[in-house]
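Colleague: Okay, handing you the structure first.
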Amino acid sequence: MDIHETTPTKRSGGRKAMARPYSGYLQRTPPEPERRLTEVGPGTPMGEYFRRFWHPICLSEEIGDVPKNIRILGEDLIVFRDKSGNVGLFQPYCCHRGAHLENAIVSERGLRCCYHGWLFDVDGTVLETPGEPPHSRLKEKVFQGAYPAIEIKGLVHAYMGPSELQPHPPHYDLFDVPGAKFSPFSTPYPNNWLQSHENNVDPVHTVFLHGRITEHFGEPFAVLPHIVWDVSHNGDGLHHLDGRRIDPDTVWIRFVHTLVPGSSFIPSTWELGDAPLYHQRTLYMRFTVPTDDENTNVLGWRVHGEGFPGGHPEQMGPGRTDMEGQVDRADTLSYEEMQLTPDDFQAQATLWGGQTLPFHKSEHLGTTDRGVTLMRKTYQNILDGKVPEAFPKPATEEPDGPKARINYSFDSVVNVKALTDKDADFEMIGKLGKEMADAAIEVAESTDDQAERDQKTKAAIKAVEAAYQAKYQSV
Amino acid sequence: MDIHETTPTKRSGGRKAMARPYSGYLQRTPPEPERRLTEVGPGTPMGEYFRRFWHPICLSEEIGDVPKNIRILGEDLIVFRDKSGNVGLFQPYCCHRGAHLENAIVSERGLRCCYHGWLFDVDGTVLETPGEPPHSRLKEKVFQGAYPAIEIKGLVHAYMGPSELQPHPPHYDLFDVPGAKFSPFSTPYPNNWLQSHENNVDPVHTVFLHGRITEHFGEPFAVLPHIVWDVSHNGDGLHHLDGRRIDPDTVWIRFVHTLVPGSSFIPSTWELGDAPLYHQRTLYMRFTVPTDDENTNVLGWRVHGEGFPGGHPEQMGPGRTDMEGQVDRADTLSYEEMQLTPDDFQAQATLWGGQTLPFHKSEHLGTTDRGVTLMRKTYQNILDGKVPEAFPKPATEEPDGPKARINYSFDSVVNVKALTDKDADFEMIGKLGKEMADAAIEVAESTDDQAERDQKTKAAIKAVEAAYQAKYQSV
Amino acid sequence: MDIHETTPTKRSGGRKAMARPYSGYLQRTPPEPERRLTEVGPGTPMGEYFRRFWHPICLSEEIGDVPKNIRILGEDLIVFRDKSGNVGLFQPYCCHRGAHLENAIVSERGLRCCYHGWLFDVDGTVLETPGEPPHSRLKEKVFQGAYPAIEIKGLVHAYMGPSELQPHPPHYDLFDVPGAKFSPFSTPYPNNWLQSHENNVDPVHTVFLHGRITEHFGEPFAVLPHIVWDVSHNGDGLHHLDGRRIDPDTVWIRFVHTLVPGSSFIPSTWELGDAPLYHQRTLYMRFTVPTDDENTNVLGWRVHGEGFPGGHPEQMGPGRTDMEGQVDRADTLSYEEMQLTPDDFQAQATLWGGQTLPFHKSEHLGTTDRGVTLMRKTYQNILDGKVPEAFPKPATEEPDGPKARINYSFDSVVNVKALTDKDADFEMIGKLGKEMADAAIEVAESTDDQAERDQKTKAAIKAVEAAYQAKYQSV
């Protein structure tokens, strides 16, 4: 008997043949991983798309007296702040002989290499080549590779794309809310960026992982919602509308909006109570920033202060957040303890073995994965050049400064009594949410004045609540 | 002078040219490693051969409340036991989105993924997709990759081959010995499987490594035996017969039988005393199970109880054994202490650098390596399809259940006085052993009744002893 | 818009296009590394050149009761000393079955493998194959791969080249200085050999890294010297002449000579005082020995005793030296403390990321790098076969024993008053140094008697001092 006759290395008959119990022997050969949406290094399609935007790369407080190593979009760089307060982001090897500039000396102006004392300004200009003869013009012809970097509300931002397409640093609508405060944070994950960002359009995992299996969030999160997914503006973002009945009198509508390339605006993750709450806006501004193909950092601001109650914003910082389940517990728990109380590090971070490109061809998606499917299709369209709305304008085309980036995310808790028929109630909640969301979007697009926007949105949502109370009380 | 003229990167003149002192410069280029007998991944010849058999993969006691990662034949899997007592062996990435099932929740029936709550039965069937709509038929079309697994006497066994060729789980002749007890154990090694299994047909290394350099076993093991190697049944196993004179009155005959693909049945490893001992059977049933191409686990049962005296069977467990020199001491000894008292981890586990495929082309074998040469030839014949006896029958061809796997291993200590001439005595011992072994084999093949077998074998061997006492006393 | 249109993966327009601020986006693609001068494995041009020489490989004191693993020129080997005092250097896998000989037993004569007890003499001859039959001739046909090794003044030396070209073990001129003592040391570096050796012809990094940024050496080292670089004898070595005015009355002339393939002879690294010092010779004999392509060991002797005052020679040993900045401080300092006080481990050892072949094509060299450029050109010439002087003679061509290897390195501190014009003074110092160096070379080539050489050189340099005092006092 020829041993090779018993070796079917190909999936004989494909997916149909494997659809039976004890099918392990027929599923041993992994397919090709997904690359187009996931690879982020220089020159890759998604990498070049990410590079069109400014990104937060670390917290201001992480930069001290010495340069800091940092890896962004597969590039190893160093970031520093000179004694005059200017931030620099350099390719790490000195353009003279290649010495690592993490060991360079932070100076009054710029950074001085420790090997032969060359001094660089934050834009890569060589200010001094002290060993060269006085008449030397070498420093005019050589530049250290550098990227523009600035600090915004405690987050260092960088732009790593082509100079001629550089947009203004971002301005978000929430910045203009009176009384809003912004505490920076970062939470690293050991997985590809797309797995982290897909979670933002997957409210079903929230129900199971965060709501029922390990109780990270408040009780209402364990209720399976009515969900509608859609894109905003042809693909500059996606949103999902989740409607839940939390008791016979109360409906919770949650609208979560994400923007390209990897931003998400998340409302609360704790119980909201049953008092009416018409328009609680984003409490977490989160930016998914690829470290490389296998690692991701999610940086952002925790919004707090007047109008943004709850939680523990004072806990935010580098590697720290008050959102449950977002920090690796390996230093505090045993492996088995983590297995018994899984969070994102045991779920999203482990797909296909964790630190690898994901294998979409091995998935079996259901209706609950519609958001993920829509997100992938949207990004494919963007890379195909079909969504001009998804690209930031170069600063040269916006002489008056940047337009604010608008997100619609909100929580609402309204008093609408339950219908007797559960299925009819579920559909009614879906309609209710849609009307509230449409109203919120309309107001958001109509004014830059954030106080006015909040007041008008509350009124509009209250009106929808009243209409539904009238319509369905009598049913 | 052209520097390249002094660079002979090829072995000039081959082995002959290198056969001189200070030949280092001519031996720098390593050859190709051996692959056919050593690679065990899916689709490899030896890997597919191993997959025709059930194998022990871990001890039952190693499976607790959470799934356990395990690597077998180059495949990463997870093993678990649900609360109903059924064991499951899964490919580790959930067939939904790929979350790692080591973090799945062990349930009353089956295993529930922590990401979206899908519930799987031990055969890979999807019992629940809780987020999907009630009418969803997705769970009928999707299966988690799974392999059959059962527990036998405290060892979890798995079958990873083609379903249609699946044999009955194994039954060993020793199971039917009245009063025999079986304590499971495992001892991992950081080397390719073949290096571990070759040790089982290399009684010469036992003399030097375990007998003279580091004294792991009893004193008689340091005596160089008369050795005869042969195959059983055309190649379903190999055995070696070792004859030693341990004092002027006493001869120790040891018969060690291995079975395909990697089983060995070892008698004692301590001093047997000089009282007559006609038929001491196997005390260690050992199964060499490849973890991958560079690592191996040897699992098995320590046989003890009535008729199996000696040693410390209570010491057996995961990573624990009462056989000396089989456990890595890196946590208890310094590197130098291990170098000064070498065991299998400093010998067999280090061939060609340790965790690598072995380089048979760089060996220089002698007469003492005949067992190794015979083992390799036998496995080549098996892979060439020349040894049908070496393949287990599919269960479909054995409707009445499995035939017991028979092993012949035994120790005998008999009183036969030494001949004056040392060489003649050595030859006589060889003949004595052969007659005893032939008698033991004949009885073993003649009956399934293990009590009867033991009694008849003892009588036959006693008769051989008597014949030799008569014949050679008078010389 | 096609995303690919924004992806210039190639350096558009080359170095000119990148010569501007914020040029990071255009510099992301690394070029090919330098291989010809840096790769040292078997069969590589530089590897085969290094193999023409004897090299120190470890200190005698590092060899104890067990074999020691060692990696030289990309080859993993073991070194040992048998109980008769003979040193052996073996390829590490036993020629029988491949067991690692680090676990072999050091014997009265030779080394005994722990697996089957084969005994090897230090030249690789098999003395015993104890398991084989008495008449076996196997041991006559098999040899363990071995290299010649001897001990010289506490350093184990090895020759790893072709046997027929083996030179005599080296003899250095300093060995013949009456009263000179030699303390062995080694200092490993995590970088390619060339980066370490280039430092020896880069007195400018000494000014900045060791003199101004972190003060490793005495104050005068912080003065930028007048430097002249040149080769000796068409390329059997390089030297640089550094002239410094250390006060209005005193000039310090330092002459540093390196020899192929990687030797450097370094005078003091502390303040010399201002008393006249005519001819202070080498205090550090250093030999750059490639471990592999990414790691280097610098071994050598610290010269001390009568005529070689200063420093702390008692500190020398394996991984220890009294020369500042040459030992990795990672076990004693935090990462940030090392960043703030950089030494060679933060400069030379980090080029292009550290453990990698260097990328010469990414450098931008200036006039201060002339020594480095000259060194690379010299080695290219050697590998091109243009410098027969750079190859050691085979012992067969030197029947009377080796000629001593001569190095000219010295420090001189002389009293020559400063000229008023700084530029003129700088030029005068250059001329002064050249006359002194030429005189020292002439004497060194004229006699093997080291006492006579020292006396004549002192006289010659004193005469140059007198001439300059006369000439320039009156200016």
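Colleague: Going through the range A:206-235 one residue at a time, which ones are within 14 Å of chain B (Cβ to nearest Cβ) and part of a loop (DSSP other than H, G, I, E, B)?
Modeller: Passing the criteria: A:214, A:215, A:216, A:223, A:224, A:225.
Colleague: Can you work out which of the residues in the range B:212-233 that are within 21 Å of the chain's Cα centre (by Cα) and modelled with pLDDT under 90 is farthest from residue B:406 (Cα to Cα)?
Modeller: B:216
Colleague: Residue A:228 - would you say it is buried (at least 22 other Cβ atoms within 10 Å of the Cβ) and either charged (D, E, K, R) or farther than 19 Å from residue A:349 by Cβ (or both)?
Modeller: Working: buried (at least 22 other Cβ atoms within 10 Å of the Cβ): no; either charged (D, E, K, R) or farther than 19 Å from residue A:349 by Cβ (or both): yes.
Considered against the rule, which asks whether it is buried (at least 22 other Cβ atoms within 10 Å of the Cβ) and either charged (D, E, K, R) or farther than 19 Å from residue A:349 by Cβ (or both), residue A:228 comes out as no.
Colleague: To continue, here is another question. Residue C:271 - would you say it is more than 13 Å from chain A (Cβ to nearest Cβ), part of a loop (DSSP other than H, G, I, E, B) and surrounded by fewer than 19 Cβ atoms within 10 Å (Cβ to Cβ)?
Modeller: Here the answer is yes, as residue C:271 does meet what is asked.
Colleague: Within the range B:344-360, which residues are in contact with a Pro (Cβ under 6 Å, 6 or more places away or on another chain) and at negative phi?
Modeller: Of everything in the range B:344-360, those that are in contact with a Pro (Cβ under 6 Å, 6 or more places away or on another chain) and at negative phi turn out to be B:349, B:351, B:355, B:357, B:359.
Colleague: Can you tell me how many residues within the range A:17-39 are among the small types (Gly, Ala, Ser) and in a helix (DSSP H, G or I)? Write out each step before concluding.
Modeller: Taking the range A:17-39 first, the residues among the small types (Gly, Ala, Ser) are A:17, A:19, A:23-24.
Checking the rest, the ones that are also in a helix (DSSP H, G or I) come to A:17, A:24.
Residues meeting the conditions: 2.
Colleague: Let me ask something else. Restrict the check to the range B:184-194 and report whether at least one residue is within 7 Å of another protein chain (Cβ to nearest Cβ), assigned to a loop (DSSP other than H, G, I, E, B) and either under 30 Å from residue B:366 (Cα atoms) or of a type in the set (S, T, N, Q) (or both). Give the derivation first.
Modeller: Of all residues in the range B:184-194, those within 7 Å of another protein chain (Cβ to nearest Cβ) come to none.
No, the range B:184-194 contains no residue that is within 7 Å of another protein chain (Cβ to nearest Cβ), assigned to a loop (DSSP other than H, G, I, E, B) and either under 30 Å from residue B:366 (Cα atoms) or of a type in the set (S, T, N, Q) (or both).
Colleague: Can you tell me which of A:151, A:164 is surrounded by fewer than 20 Cβ atoms within 10 Å (Cβ to Cβ), of a type outside the set (Phe, Trp, Tyr) and under 17 Å from residue A:77 (Cβ atoms)?
Modeller: Details: A:164 fails: under 17 Å from residue A:77 (Cβ atoms).
Only one candidate qualifies: A:151.
Colleague: Which ones in the range C:393-437 are among the polar types (S, T, N, Q) and closer than 24 Å to residue C:270 by Cβ?
Modeller: C:407, C:409, C:412, C:415
Colleague: Cβ contacts < 8 Å: first residue β-branched (Val, Ile, Thr), restricted to the range A:351-363; second residue assigned to a loop (DSSP other than H, G, I, E, B), any location; separation 6+ or different chain. Result?
Modeller: Pairs found: A:356/A:33; A:356/A:192; A:356/A:294.
Colleague: Quick one: in the range C:292-334, which of the residues that are out of contact with any strand residue (DSSP E or B) (no Cβ under 9 Å at 6 or more places or on another chain) and small (Gly, Ala, Ser) is surrounded by the most Cβ atoms within 10 Å (Cβ to Cβ)?
Modeller: Top of the filtered list is C:325.
Residue-by-condition table, conditions (1) closer than 30 Å to residue C:126 by Cα; (2) among the aliphatic types (A, V, I, L, M); (3) within 11 Å of chain C (Cβ to nearest Cβ):
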site	(1), (2), (3)
B:356	yes, no, yes
B:365	yes, yes, yes
B:384	no, no, no
B:425	yes, no, no
B:431	no, no, no
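Colleague: Still on this structure: Does residue C:306 satisfy being within 30 Å of residue C:469 (Cβ to Cβ) and among the charged types (D, E, K, R)?
Modeller: yes
Colleague: Can you find, within the range C:14-48, the residue that is nearest to the chain's Cα centre (by Cα) among those that are closer than 16 Å to residue C:384 by Cα and among the small types (Gly, Ala, Ser)?
Modeller: Here the residue is C:47.
Colleague: Would you be able to say whether some residue in the range C:143-151 is at the interface with chain B (Cβ under 10 Å from one of its Cβ atoms) and over 30 Å from the mean Cα position of the chain (by Cα)?
Modeller: yes
Colleague: Against the definition (closer than 14 Å to residue C:244 by Cβ and surrounded by fewer than 17 Cβ atoms within 10 Å (Cβ to Cβ)), how does residue C:403 come out, yes or no?
Modeller: no
Colleague: Assess whether residue C:357 counts as being within 30 Å of residue A:142 (Cβ to Cβ), among the hydrophobic types (A, V, I, L, M, F, W, C) and buried (at least 16 other Cβ atoms within 10 Å of the Cβ).
Modeller: yes
Colleague: I've got another one for you. Could you tell me which residue of the range C:44-78 is farthest from residue B:338 (Cα to Cα), considering only residues that are surrounded by fewer than 23 Cβ atoms within 10 Å (Cβ to Cβ) and aliphatic (A, V, I, L, M)?
Modeller: Filtering first and then ranking leaves C:59.
Colleague: Turning to a different aspect of this structure: Give just the number: which of (1) farther than 28 Å from residue C:54 by Cα; (2) surrounded by 15 or more Cβ atoms within 10 Å (Cβ to Cβ) does residue C:394 not satisfy?
Modeller: (1)
Colleague: In the range C:168-176, is there at least one residue being surrounded by 21 or more Cβ atoms within 10 Å (Cβ to Cβ), in contact (Cβ under 8 Å) with a residue 60 or more places away in the chain and assigned to a strand (DSSP E or B)?
Modeller: yes
A quick yes/no check of all residues on (1) free of Cβ contacts under 8 Å to residues at least 60 places away in the same chain; (2) surrounded by 15 or more Cβ atoms within 10 Å (Cβ to Cβ); (3) not in a helix (DSSP H, G or I):
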site	(1), (2), (3)
C:375	no, yes, no
C:386	no, no, yes
C:411	no, yes, yes
C:423	yes, no, no
C:440	no, yes, no
C:463	yes, no, no
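Colleague: Filter the range A:80-135 for residues that are more than 8 Å from every other protein chain (Cβ to nearest Cβ), in contact with a Phe, Trp or Tyr (Cβ under 7 Å, 6 or more places away or on another chain) and assigned to a loop (DSSP other than H, G, I, E, B) and give the result.
Modeller: Matches in the range A:80-135: A:94, A:110.
Colleague: Is it fair to say residue A:49 is at the interface with chain C (Cβ under 9 Å from one of its Cβ atoms) and free of Cβ contacts under 8 Å to residues at least 40 places away in the same chain?
Modeller: Spelling it out, it is not the case that residue A:49 is at the interface with chain C (Cβ under 9 Å from one of its Cβ atoms) and free of Cβ contacts under 8 Å to residues at least 40 places away in the same chain.
The values are calculated or read from the model by the stated rules, or taken from the named source; none is laboratory data. Note that the coordinates shown come from a computational prediction; the quantities given were computed from them, not determined experimentally. Every residue, glycine as well, gets a Cβ built from its backbone with ideal geometry; the counts of neighbours run over all protein chains shown.
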